[in-house]
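Derivation of every value follows stated rules applied to the coordinates shown; laboratory data play no part. Nothing here was measured: the structure is a model prediction, and the numbers come from that model. Positions of Cβ are generated from backbone atoms using ideal geometry, with glycine treated the same way; all protein chains shown enter the neighbour counts.
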Amino acid sequence: MKKHRNKPAVPITDPKISEYSEKHTSPESVEITKVIESSDSQLQYIDMLSGRVVGQFLKMLIKISGAKRVLEIGTFTGYSAITMAEALPEDGEVITLEMNLKYQKIAQTHFKDSGVGHKIKMIKGNAKKTIDALEGEFDLAYLDGDKLRYLFYFEKILEILKPGGLIIADNVLWDGTVLNPEDPKAKAIAEFNKFVAADERVEQVLLPIRDGVNVIRKI
């Protein structure tokens, strides 16, 4: 998820390549298409949605890893939570944290209409506080919330992530501004990437998919 920003500081991927990649990626479900249309009509800034390539990448990782319990930080309108829930087995669960009241309301409607809402539990409130109340371990976590607190959430997630579990951090290239970070969010994300790369508790690969995805595995 990313707030709408100006033209990227550095083009991450040629738009034609991005279009080609999306065209040759498995299509989203009918339910997800409805989420996109609904989000667009209500908010008009759907660039905050994860998008087809990242969404299908998440589904692929869940299926490959056999994850059953997933944590999401930053629900927005429910696109990624529903996408991940679709990939989970019937007894799987997505716990998603969201503090924005407007997003909560929209997402809950989407969950109800998705056909996989029974696999999704939304916890309302500031994730900085609600994450401490979570019980049990997680197989995979999707980090797409407050960019200024990525490092904070990284540490919190590691505490409740199973060995071998995955953290998928989105928007880690921040429109290319991490190369020469000036604004607070760019600086925070650049510091997050640097910290993770040097952390011996994990192994990671940073991929230039869309706005950058860091796939992190707990050793």
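Structure notes:
- Between LEU161 and PHE138, the built amide H atoms are under 5 Å apart, and every one of these is 5 or more places off in sequence or on another chain.
- GLU90-ASN180 pseudo-label distance in nm [points 7 Å out on the Cα-to-Cβ vector]: 5.7
- Computed label-point distance, nm, for sites LYS162 and VAL30 using a 7 Å Cα→Cβ extension: 3.3
- Built amide H within the under 5 Å cut-off of GLU72, gap 5+: ILE95, THR96, LEU97, TYR142
- Highest to lowest packing among 186-193, 88-95, scored as the average C-beta count within 10 Å: 186-193, 88-95
- In terms of its C-alpha gyration tensor, region 51-90 comes out oblate, because a/c is 1.5 or above while a/b does not outweigh b/c.
- Dipole of region 88-219 computed with +1 at Lys/Arg Cβ and -1 at Asp/Glu Cβ about the Cα centre; of GLY165, HIS110, ALA141, farthest Cα towards the positive end is HIS110.
- Structure remark: mean-square fluctuation, Gaussian network model of the chain, C-alpha springs under 10 Å; the largest value among GLY165, GLY66, GLY51 belongs to GLY66.
- Placing +1 on each Lys and Arg Cβ and -1 on each Asp and Glu Cβ, with no other charges, gives the chain a dipole about its Cα centre of roughly 260 debye.
- Given R0 = 30 Å, the distance between the Cβ atoms of GLN42 and GLU135 translates into a calculated FRET efficiency of 0.35.
- Take every DSSP beta bridge whose two residues both sit in the chain; close to 35 percent of them are antiparallel.
- Model label sites at LYS194 and LEU151, defined 7 Å from Cα along the beta-carbon direction, differ in position by 0.9 nm.
- Tensor-based shape of the chain (alpha-carbon gyration tensor, a/c under 1.5 rounded, otherwise prolate or oblate): rounded
- When the charge dipole of the chain is built from unit charges on Cβ atoms (+1 for Lys and Arg, -1 for Asp and Glu) and taken about the Cα centre, the candidate among MET122, GLN56, ALA81 whose Cα reaches farthest toward its positive end is MET122.
- Footprinting exposure proxy for SER114, SER50, SER21 (fewest neighbouring C-beta atoms within 10 Å first): SER21, SER114, SER50
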